[in-house]
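In what follows, a structure is listed as structure tokens, so that the remarks can point back to it.
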Amino acid sequence: MEKLFLVFGDQLDVGHPLFEEVDSASDAVWMAEVKYESEYAWSHKQRTAFFFSAMRHFRDLLQEKEIPVYYHMISETVVAKQHKFSEVLGDFIKKHSPKEVVVVKPGEYRVEQGVRQVCDRAGVSLRMLEDKHFYSSPEHFAEHAKGRNSLRMEYFYREMRKEHGILMEDKKKPIGDAWNFDKENRGSFGKQGPQDVPPPLRIKPDRLTQSAMRDVEEYFSDNPGELEHFAWAVTREEALQVLEDFVLHRLPQFGEFQDAMWTDQPFLYHSLISSCLNIKLLNPREVVEAVEKAYHDGHASIAACEGFIRQVIGWREYVHGVYWMFMPDYLDRNELEATEKLPDFYWTGEADMTCLSQSIGQVIDYAYGHHIQRLMVTGLFAMLYGVDPKAIHAWYLAMYVDAIEWVELPNTLGMSQFADGSVMGSKPYAATGKYIDRMSNYCKECRFDPSKRVGEEACPFTTLYWDFLIKHREKLSSNHRMGFQLKNVDKLSDEVKAQIIEQAGLVRARYA
Ligand code: FAD
Ligand code: SF4
């Protein structure tokens, strides 16, 4: 064998130049399903089924193109007791002695290191290709970061808009005369709730997906989550249909309601494309082009289109840059010295708080939650409660169909937990239950009252918010963006502070 091309589950981009290089007479592609990838983060069943199904479809696509593929099914690697990809790959290299191993830079630091180690040990030369999926490479991001005291997303985003001429009138001026329309992106549904939201296109599991689901039930029966509602796109064609469906039916309302939440409405106006983007069935450029076209065709407003594009070329590219810039140390950051164990209800959804039982219950059923549920419900509670950042990171990495470490870790550790000491955010996203009340109907159906911080009916978010500010008063005092919140803490009498601390202790004891 001349060259062995490794393809991991999040590298299913058939347009990558790597595939043009394969000589079917002497080269081959290697892919593997292994147990460890679904166990080191105790992966949701839908997440594992999604990867297996998409990988199996991709294998068939390569074979149709007459590219030789050595595909290791989970049933084979389990029998061979090869639980880690490094074990499967090491044995394979020993047996087939390729002259060179070629791989696109893996999306996860751990996997990149693993590939290097296997090739080193086997004495085979390794060529790592640039990941062309992103607009901004780690090197480009490092260049952007040079000489800056802080790395705010907004400045990176504006640079990206200018550099790629996205939603620009000329090279300098943003369409609509503003870089963002954030103020128009914070609508809630009011008392009447969401009206006639077009349901997203969901894909019925085909034969290959069903076989992946059966394997998941066989090999990962104890893992969390349900398979019943599996309906994720697993091929490029399906991913394109999901994108088209979103642009046509939900993009016009996306901007206004992107932060809103409602009982039993898991998807609302969101796109559901993150999983397909992250395994590279979709390219961010085609997503951006489709949304820009919708604006120019008059199909959706600038506020909706800008709001969406900011997520893709702003936040998504930015967290990718942060990940590669700060790994591996990033993983160990714990700015607020949080040490609490993750409450069990995160795995079961059985919480007495409606916002959490809704947001987690839906993750168990669909392996999905939208951004504000992740940031301002599950993430906010963990930060206020003081959960060890590694424990909440493990949960986010496990439970969402779109979870891959480069995107999940900065969002969790940085944005939602403030554990990275303001690399990602200028201040902690700390709020009382009143924020959740404003953005949803959850509190109307809850036994707690978001306006109360002590007493039987006190909302745990509200209690823990004040406790959080009391506890971290000194640490946060140099953060000028916290000035207003800290001033309010300083107004509390010692007696009230003592009541809050006592109530927070009761909350922690209840969920421990
Ligand atoms: P939409 O709301 O329709 O947004 C469109 C697209 O923008 C998304 O598909 C996604 O690609 C991108 N996007 C939006 N926000 C972000 C963001 N903050 N970072 C990166 N990309 C973004 N996203 C993941 O893809 N994988 C994760 O593991 C993940 N973990 C998260 C953990 C936490 C604690 C938080 C607060 C956010 C996390 N996000 C993650 C970001 C965001 O919540 C999801 O991308 C989004 O909810 C996916 O649903 P959607 O495709 O319907 O997105
Ligand atoms: Fe959540 Fe508090 Fe509202 Fe209940 S009252 S739903 S716990 S924010």
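No lab work stands behind these numbers, since they all come straight from the coordinates. Quick caveat: nothing in here was measured; it's all calculated off a predicted structure. Glycine gets a Cβ as well: all are built from the backbone with ideal geometry, and neighbour counts include every protein chain shown.
Table for the structure above
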item	result
Translational diffusion coefficient (Stokes-Einstein; Kirkwood radius from C-alpha pairs) of segment 224-307 at 25 °C, 0.890 mPa s, in µm²/s	179 µm²/s
Viscosity 1.306 mPa s, 10 °C: Kirkwood-radius Stokes-Einstein D of the chain over Cα pairs, µm²/s	66 µm²/s
P(r) histogram, all alpha-carbon pairs of segment 31-70 included - 5 Å bins from 0, percent	6, 23, 26, 19, 13, 9, 4, 0
At 0.890 mPa s and 25 °C, Stokes diffusion of segment 177-251 via Kirkwood alpha-carbon radius, µm² per second	154 µm²/s
Cα-based Rg of segment 294-436 normalised by 2.2 N^0.38 Å, two decimals	1.09
Kirkwood Rh in Å, taken over segment 296-373 so that all alpha-carbon pairs contribute	16.2 Å
Residues of type lysines that LYS390 reaches as a straight line, Cα spacing below 17 Å, ignoring anything fewer than 8 places off in the same chain	LYS341
Calculated log₁₀ intensity ratio I(q)/I(0) where the Debye formula runs over C-alpha points of segment 143-225, q = 0.19, 0.20, 0.21 Å⁻¹	-0.89, -0.94, -0.99
Protection proxy ranking, peptides 174-182, 254-262, 280-288, 300-308, average beta carbon neighbours within 10 Å, highest first	300-308, 254-262, 280-288, 174-182
Distance histogram for segment 56-134 (every C-alpha pair counted, 10 angstrom bins, percent rounded to whole numbers)	16, 42, 40, 3
When each of LYS146/LYS487; LYS45/LYS81; LYS146/LYS293; LYS45/LYS280; LYS191/LYS452 is checked by Cα-Cα distance, pairs over 28 Å	LYS146/LYS487; LYS146/LYS293
Over segment 22-156 - Rg/Rh using Cα atoms and the Kirkwood inverse-distance radius	1.03
Computed over segment 428-500, Kirkwood Rh from alpha-carbon pairs, angstrom	12.9 Å
Over segment 107-173, equivalent-ellipsoid semi-axes from the Cα gyration tensor in Å	35, 14, 9
Point-charge dipole on Cβ atoms (K/R +1, D/E -1) for the chain, about Cα centre, debye to 20	1180 debye
Extreme residue, positive dipole direction of the chain, given options PHE134, SER440, TYR219 (C-beta unit charges)	SER440
Full-stretch length increase - ILE175, PHE484 - with 0.36 nm per residue and alpha-carbon distance subtracted	107.9 nm
Ranked by how many other beta carbons lie within 10 Å on average, peptides 399-409, 214-224, 466-476 from highest	399-409, 466-476, 214-224
Cα centre as origin, Lys/Arg/Asp/Glu Cβ charges: segment 472-511 dipole, Debye	220 debye
Residue among THR378, ALA391, SER426 farthest towards the positive dipole end of segment 377-471, charges placed on Cβ	SER426
Relative packing of 455-463, 149-157, 346-354, which averages over residues the other C-beta atoms within 10 Å, highest first	455-463, 346-354, 149-157
